[in-house]
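Enquirer: Sharing a structure below in structure tokens format, with a few things to ask.
The values are calculated or read from the model by the stated rules, or taken from the named source; none is laboratory data. Bear in mind that the values here come from a model prediction, so they are computed numbers and not experimental data. FYI the Cβ positions are ideal-geometry reconstructions off the backbone, even for glycines, and counts take in every protein chain you see. The protein model used for the area step is the full one, side chains on, heavy atoms only, and it has no ligands, DNA or RNA in it. Shrake-Rupley method; radii C 1.70, N 1.55, O 1.52, S 1.80 Å.
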Amino acid sequence: FYLALMWALDLRTRFLGKHTLFRGPLGWAMRRWGGIPVDRSHPHGSVGQVVRLFQDSDELIVVMAPEGTRRFTERWRTGFYHIAVGAKVPIVLGFLDFGRKRVGFGPVFWPTGDMDADMATIRSFYQEFRGKHPDRGSRVAV
């Protein structure tokens with residue numbers, strides 16, 4: 001769905017993926033589609049890696065889910081927030097609302113550095129949206 005949406009919107013985006021997905025025959029395709037391999041055994045290194053990509057690029061859009069995984073998680077990961085603060089870039093709040101069959105973009109959010117307050121603002125934006133499997137989605141942001 002992601003690739004089709006980016007193609008339809010004519011957006012050249014990048015995304016983070018588990019480093020093992022970039023091995024073997026699938027590796028070239030993952031990179032071609034904009035994938036950035038991330039070794040999650042070094043989580044803080046991932047944030048620095050993406051911050052450096054932003055610093056070295058004139059134009060870069062990185063798409064990521066706050067859960068940081070496709071599996072159930074109790075809490076959002078905070079890497080997306082730390083990347084935005086470190087790279088001095090905004091967070092564009094996008095959504096897939098399966099409940100109402102909508103997809104779209106919300107406000108452009110500039111993090112202030114007060115993570116608790118910022119995450120409360122971001123969390124409030126997402127309250128109205130429902131995932132495809134709401135019982136599998138994260139319940140708490142941070």
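Enquirer: Give the number of residues within segment 88-108 that are modelled with pLDDT of 95 or more and surrounded by 14 or more Cβ atoms within 10 Å (Cβ to Cβ).
Expert: Matching residues across segment 88-108 total 2.
Enquirer: Next question, about the same structure. Please identify the pairs in which a residue from segment 21-35 that is farther than 17 Å from residue 11 by Cβ and of a type in the set (Phe, Trp, Tyr) has its Cβ atom under 9 Å from the Cβ atom of a residue that is part of a helix (DSSP H, G or I) and open to solvent by 100 Å² or more (accessible area, probe 1.4 Å), counting only partners at least 6 apart or on another chain.
Expert: Within 9 Å, the pairs are 22/28; 22/31.
Enquirer: Taking segment 93-116 on its own, how many of its residues are among the hydrophobic types (A, V, I, L, M, F, W, C), touching a residue at least 24 places away in the same chain (Cβ under 8 Å) and under 18 Å from residue 9 (Cβ atoms)?
Expert: The number of residues fulfilling the criteria is 4.
Enquirer: Looking only at residues in segment 51-77 that are assigned to a loop (DSSP other than H, G, I, E, B), under 18 Å from residue 37 (Cα atoms) and open to solvent by less than 40 Å² (accessible area, probe 1.4 Å), which one is modelled with the highest pLDDT?
Expert: Taking the candidates together, the pick is 60.
Enquirer: For residue 141, which of the numbered conditions (1) modelled with pLDDT under 85; (2) under 18 Å from residue 80 (Cβ atoms); (3) open to solvent by 80 Å² or more (accessible area, probe 1.4 Å); (4) not basic (Lys, Arg) fails to hold?
Expert: That leaves (3) as the condition not met.
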